[in-house]
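Chemist: The following block contains the structure, expressed as structure tokens.
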Amino acid sequence: MIYTVTLNTAVDRILHINGELTRKHNNKIQNAHFDIGGKATHVSVVLSSLSIENIAMGFIGSINKDVLVHLLEAKGVKCDFIEQESCSIRESLVLIDESGKGSYMITEKGFPIENKTYEKLLAKLKSTIKENDIVIFAGSPPEGIDGEKYKRILEIIKEQKGKVIIDATGEYLKAAIPLKPMMIKPNEFEFQELIGKSLNTLADYVREIHGLLESGIEYVVVSLGRKGSLVGHQHRIYQVSPPNITEVNDTGCGDVFVGGIIAKLSQNSSLEDTFRFATALSASKATHWGSSDFSLVQAKELEPEVQIKLIGRDEYVVL
Ligand code: TA6
């Protein structure tokens with residue numbers, strides 16, 4: 001079974017603004033809608049769209065839980081969240097204007113997690129996760145879950161012999177590394193923060209990715225936005241370049257990318273098929289207004305345009 005865990009769920013409010021967003025100006029909204037927020041939830045959407053069984057877990061607030069659960073269920077996602085009384089799921093504002101420079105994302109903090117709610121999650125994971133289950137943690141944990149508590153959650157998955165996938169940042173990503181997750185997917189900034197220095201050349205990235213692979217992480221994937229990604233697996237590193245598309249909303253592309261990877265890995269696809277699909281799906285997401293919208297048909301059409309190149313050791317040494 002595949003479980004996605006969103007510790008700080010969100011409802012995205014997508015605001016499409018006429019023209020370019022401008023200070024000291026009445027920026028008119030052309031249209032607005034609510035969408036699924038929170039990162040691991042988006043992974044569930046991808047899996048469900050492909051009829052891959054999965055369950056969305058994490059924390060939700062009792063006050064507006066139905067908004068998110070209805071959005072997820074409408075996309076075929078099964079939910080099993082832990083509810084905290086008298087709390088509201090946070091709202092993330094996604095502002096999309098017509099500048100072509102990418103979206104603005106403005107996120108609320110989310111409600112702080114009480115100790116008893118945290119303990120409920122530990123107990124649920126202990127009783128649910130079985131050997132070889134894949135458990136994806138994506139998104140920033142809320143107040144009440146520090147690096148230590150996050151690590152304890154991941155330890156439970158490891159004790160149950162589950163496979164951990166991490167798309168997190170800062171202290172949380174750092175806390176996960178000693179537990180050797182099956183995959184990490186930082187973006188270039190999160191990766192540099194993890195390594196603790198700035199990386200300026202492809203050779204710098206390659207060296208650090210190799211280091212993490214050697215420490216026992218099976219897949220080290222660094223997403224590079226419009227430039228695609230670097231994928232490290234079994235002593236090899238690949239450069240994956242995305243197809244050309246007209247972007248309307250980049251919010252959620254990274255989450256859909258992770259969803260595509262997990263979907264294909266769970267079907268034992270080859271590395272090439274996995275990253276071709278995930279990259280095409282993420283590109284399809286970028287052409288859609290919603291933060292959880294994409295088209296499987298469009299992704300199929302875009303797949304041949306994805307380029308995957310093995311980076312040879314000699315090649316990166318001379319760069
Ligand atoms: O990646 C997009 C997204 O999942 C949005 O849907 C939004 O809710 C946000 O990220 C949450 O990110 P955070 O890092 O605050 O958990």
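The values are calculated or read from the model by the stated rules, or taken from the named source; none is laboratory data. Just so you know, these numbers come straight off a predicted model, no measurement behind them. Cβ: placed from backbone, ideal geometry, glycine included. Neighbour counts: every protein chain shown. What goes into the accessible areas is simple: the full protein's heavy atoms, side chains included, and nothing from ligands, DNA or RNA. Shrake-Rupley method; radii C 1.70, N 1.55, O 1.52, S 1.80 Å.
Chemist: Measuring from label point to label point, each 7 Å out along Cα→Cβ, what is the LYS75 to GLU159 span in nm?
Modeler: Between LYS75 and GLU159, the simple spin-label model gives 3.3 nm.
Chemist: Packing-wise, with mean Cβ within 10 Å as the measure, how do 303-312, 24-33 rank, highest first?
Modeler: Numbers: 303-312: 14.8, 24-33: 9.5.
Order by mean packing, descending: 303-312, 24-33.
Chemist: Fully extended, how many nm does the chain gain between THR246 and GLU305 (0.36 nm per residue separation, minus their Cα-Cα distance)?
Modeler: On the way: separation 59, 0.36 × 59 = 21.24 nm, distance 1.41 nm.
Gain on extension, THR246 to GLU305, equals 19.8 nm.
Chemist: Now for a separate question. Can you give me the long-range amide H partners of VAL248? Hydrogens built in the peptide plane at 1.01 Å from N, cutoff under 5 Å, separation of 5 or more residues or another chain.
Modeler: For VAL248, the qualifying residues are THR287, HIS288.
Chemist: State the answer as a single residue: which of VAL206, GLY147, SER266 lies farthest towards the positive end of the charge dipole of region 114-270, with beta carbon charges of +1 for Lys and Arg and -1 for Asp and Glu, about the Cα centre.
Modeler: Toward the positive end, the furthest listed residue is SER266.
Chemist: Please work out the average accessible area per residue across region 2-311, using the 1.4 Å probe convention, and give it in Å². Kindly include the intermediate steps, with their values, before the conclusion.
Modeler: Working: 13500 Å² over 310 residues.
For region 2-311, the per-residue accessible area is 44 Å².
Chemist: Quick one: give the max-minus-min coordinate of the C-alpha atoms of the chain along each principal axis, largest first, in Å.
Modeler: So the extents along the principal axes, rounded to whole Å, are 58, 51, 38.
Chemist: To continue, here is another question. Using amide H atoms built in the peptide plane, which far-off residues or other-chain residues are under 5 Å from ARG90 H to H?
Modeler: Residues meeting the amide H criterion: VAL11, PHE111.
Chemist: Cβ neighbours within 10 Å, averaged per peptide: list 211-217, 256-262 in order, most packed at the top. Let's see the in-between values first.
Modeler: Working: 211-217: 15.1, 256-262: 28.4.
Peptide ranking by packing, descending: 256-262, 211-217.
Chemist: Further, regarding this structure: Order ARG226, ARG13, ARG207, ARG276, most accessible first, counting only protein heavy atoms with a 1.4 angstrom probe.
Modeler: Details: ARG226 155, ARG13 70, ARG207 120, ARG276 45 Å².
The ranking, largest first, comes out as ARG226, ARG207, ARG13, ARG276.
Chemist: Same structure, new question: Run the paramagnetic zone check for PHE34: 7 angstrom along Cα to Cβ, then residues of region 90-112 with backbone nitrogen under 15 Å.
Modeler: 90-94
Chemist: Let me ask another. Counting only protein heavy atoms, what percent of the accessible surface of region 2-311 is carbon or sulfur at a 1.4 Å probe?
Modeler: Details: 6520 of 13500 Å².
Here it works out to 48 percent.
Chemist: How large is ³J(HN,Hα), in whole Hz, for each residue of region 224-234 in order, when computed from phi with the Karplus curve 6.51 cos²θ - 1.76 cosθ + 1.60 and θ = phi - 60°, using x for Gly and Pro?
Modeler: Karplus values, whole Hz, x for Gly and Pro: 10, x, 5, 8, x, 7, 10, 10, x, 7, 6.
Chemist: Please turn the phi angles of region 118-130 into ³J(HN,Hα) values with the Karplus equation 6.51 cos²θ - 1.76 cosθ + 1.60 (θ = phi - 60°), one per residue in order, whole Hz, x for glycine and proline.
Modeler: In residue order, the calculated couplings are 4, 4, 5, 5, 4, 5, 5, 5, 4, 8, 9, 6, 10 Hz.
Chemist: For ASN187, list long-range residues whose amide hydrogen, built 1.01 Å from N in the peptide plane, is under 5 Å from its own amide hydrogen.
Modeler: SER223
Chemist: For MET105, MET183, give me the order by solvent-accessible area with a 1.4 Å probe, most accessible first, ignoring ligands, DNA and RNA. Walk me through the numbers before you get to the answer.
Modeler: Numbers: MET105 105, MET183 0 Å².
Order by accessible area, largest first: MET105, MET183.
Chemist: Each residue of region 16-25 in order: what ³J(HN,Hα) in whole Hz does its phi give by Karplus 6.51 cos²θ - 1.76 cosθ + 1.60, θ = phi - 60°, with x for Gly and Pro?
Modeler: Karplus-based 3J(HN,Hα) across region 16-25 equals 9, 9, 5, x, 9, 4, 10, 5, 6, 8 Hz.
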